[in-house]
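Written out below as structure tokens is the structure these notes cover.
Just so it is clear, none of the values below were taken in a lab; they were calculated from the coordinates. The structure presented is a predicted model; accordingly, all values stated were derived computationally and were not measured. Note: ideal-geometry Cβ built from the backbone for every residue, glycine included; neighbour counts use all protein chains shown.
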Amino acid sequence: MVNEQVGYFEANYVNFLSELLDFLRIQSVSTDPERKQDVRQAADFLANKLVSIGIEHVEIFPTKRHPIVYGDYLHAGLAQPTILVYGHYDVQPEDPINLWNTKPFEPEIIGDNLYARGASDMKGQVYACLAAIQSFLKVSDLPINVKFIFEGEEEIGSPNLVDFLIAHTGLLKSDCALNPDAGMTGKDKPTITYGLRGLSYFELRIFGPDRDLHSGSYGGIVHNPAQVLAELISKMHDSEGRVTLPGFYDLVLPLTAQERDSIGRYSISDYDYCKSIGVPSLWGEKSFTATERIGARPTLEINGILSGFVGQGSKTIIPSKAMAKISTRLVPDQKPELVYGQLLEFIRSNIPSTVRFELEQLSTGSPSISDITIPETKAMAEALKFVWGVEPIYKREGGSVPVVADMQEILGIDSVLTGFGLPDDRVHSPNEKLDLPTWRRGTIALIHFIENLKRS
């Protein structure tokens, strides 16, 4: 039993929360070059925290951009499992700042919610792991071996993580990874995520005349790049909501009957989706439920469009160029590099000879499926059930966590994917928050998870 460890956490809850607030004050926005020192400050903060609780061999490894923090505590012996705790300490930009009700880097507790950028994604989740491990080290000892890897580039696609994993496979050798970056489907619905979508992200640029033209003088004889882009985009889906890139669905693994039944356990109604996100009705592939489409089907989305004059008033031009940001979310066994070829083929087949184009692949991440029968996942399921009193939900997640597939391929280990963020935490949006009662229960669940991992 872990009564002492849980008691320690409860007795020191206010201190843990105070430290989390200090962590959240650090503006570790990884995409902003002007905040490079802030990102480094967050890495230093974590390294110092690891040292303070007794973690050994703590080191900050430089990369081409932002550093990776490592540490370990390997005193349980070879007979006990070794868990690699993964997290990221970087956060999304706070823009648009005018939509925040509080200051994004001055954390504020209102009722049960802690508001700050990074509160849910994922500084709060990282700190839950640290609090759970500290609760062992301060009253007894860890019954397992543990290693840590915290990166500062997840929000920009982890461009240097793969090289680090390849260069340090021996250092990172473990039985399994714990990744609390997945979240829950509801306050009373503890969740283990076993499927993650991958990502292939592009910028498409269409070029027409060598300068903006007077639309009165040249309209009708020059093909407008904005019109060409709009027509291309309109052809990327058919009337049934399916993506029309050639071969896009060829490698998609079909959902099994068991998976559809499991997904049905946590399906949200179309009405509830519409109410929560403010749309009159949903859209997408006709033969799948909304929850199936989010987690287990691939998608193509237009993330941004830019062309021509968009200021106040009027300016009659034919723009010289147009640009779109395009993302595809991928499911097993799709490959990001193949999707690039599919999009390129689609554009070449549909673009008129009156313009030219460039297609750049900005970032990629592979989809993954994790084995839910491994002992570590079973240990997490038992811990979640003990704390919440219900069986956890197993789900496939719509977002991307590329490190899971990278660890499978490079380190040969699966991940236990959980977390204590909620669907209404507004991650990546203004007014991001963390539900503190859920975070508290989640930390206690992690204490039980560590105990459950101990081999007899």
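Structure data summary
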| read-out | value |
| --- | --- |
| Rg/Rh for region 261-333, where both radii come from Cα atoms and Rh is the Kirkwood radius | 1.16 |
| TYR273/MET1 FRET efficiency (R0 45 Å; Cβ-Cβ; nearest 0.05) | 0.65 |
| Pair ILE109, ARG211: separation of 7 Å Cα→Cβ label points (nm) | 6.2 |
| Gyration tensor verdict on region 79-188 (Cα atoms; rounded if a/c is under 1.5, prolate if a/b is larger than b/c, oblate otherwise) | oblate |
| Summed side-chain charge close to GLY241 - residues other than GLY241 whose Cβ falls under 9 Å, Lys, Arg +1, Asp, Glu -1 | 0 |
| Surrounding net charge for PRO81, when Lys and Arg each add one and Asp and Glu each subtract one, Cβ distance under 10 Å | 0 |
| Dipole magnitude (debye, nearest 20) for region 311-369, charges at Cβ of Lys, Arg, Asp, Glu | 300 |
| Reach of LYS189 by Cα under 29 Å, taken over lysines that are not fewer than 8 positions away in the same chain | LYS123, LYS147, LYS275, LYS286, LYS378, LYS385, LYS395, LYS433, LYS454 |
| Dipole magnitude of the chain about its Cα centre (Cβ charges: Lys, Arg +1; Asp, Glu -1), debye to nearest 20 | 600 |
| At q = 0.07, 0.09, 0.14 Å⁻¹, base-10 log of I(q)/I(0) for the chain (Debye sum, equal scatterers on each alpha carbon) | -0.39, -0.63, -1.40 |
| Three-way shape label, region 165-213, alpha-carbon gyration tensor, a/c 1.5 | oblate |
| For region 236-299: span of alpha carbons on each principal axis (Å, largest first) | 35, 29, 14 |
| More than 15 Å apart - percent of Cα-Cα pairs taken over region 380-422 | 55 |
| Distance in nm between pseudo-label sites at TYR13 and ARG356 (7 Å out along the Cβ direction from Cα) | 6.5 |
| Alpha-carbon Rg with Dmax, taken over region 400-456, Å | 15.0, 47 |
| Residue among ILE318, PHE148, HIS66 farthest towards the positive dipole end of the chain, charges placed on Cβ | ILE318 |
| Cα convex hull of region 104-157 - mean projected area over all directions, nm² | 5.5 |
| Computed FRET value (nearest 0.05) for ILE305 with SER52, which takes r as the C-beta separation and R₀ as 30 Å | 0.05 |
| Kirkwood-Stokes translational diffusion coefficient of region 331-449, alpha-carbon pairs, 25 °C, 0.890 mPa s, µm²/s | 138 |
| Estimated D of region 254-385 in µm² per second, where Rh is the Kirkwood radius over Cα pairs and Stokes-Einstein applies at 37 °C, 0.692 mPa s | 172 |
| Check: region 78-178 dipole with +1 on Lys, Arg Cβ and -1 on Asp, Glu Cβ, in debye | 440 |
| Shape of region 24-63, Cα gyration tensor, a/c cut at 1.5 | oblate |
| Environment charge of GLU358, counting only residues whose C-beta is closer than 14 Å and scoring Lys/Arg +1, Asp/Glu -1 | +3 |
| 20 Å Cα-Cα reach of LYS321 towards lysines, excluding residues that sit fewer than 8 places from it in its own chain | LYS235 |
| Distance between modelled label sites at ASP333 and LEU78, nm, 7 Å Cα→Cβ extension | 3.6 |
| Sites ILE374 and LEU171, calculated FRET efficiency, Cβ-Cβ separation with R0 22 Å, nearest 0.05 | 0.50 |
| Difference of contour (0.36 nm per residue) and Cα-Cα distance, VAL139 to SER314 | 56.0 nm |
| Unit Cα scatterers, Debye sum, region 167-249: log10 I(q)/I(0) for q = 0.15, 0.17 Å⁻¹ | -0.87, -0.95 |
| For q = 0.19, 0.22 Å⁻¹, Debye-computed log10 I/I(0) when each Cα of region 1-136 counts as one equal scatterer | -1.18, -1.43 |
| Crossing angle, helix 124-137 versus the chain [Cα axis fit, 0-90 degrees, rounded to tens] | 20 |
| Burial ordering of ASP121, ASP72, ASP212, fewest other beta-carbon atoms within 10 Å first | ASP212, ASP72, ASP121 |
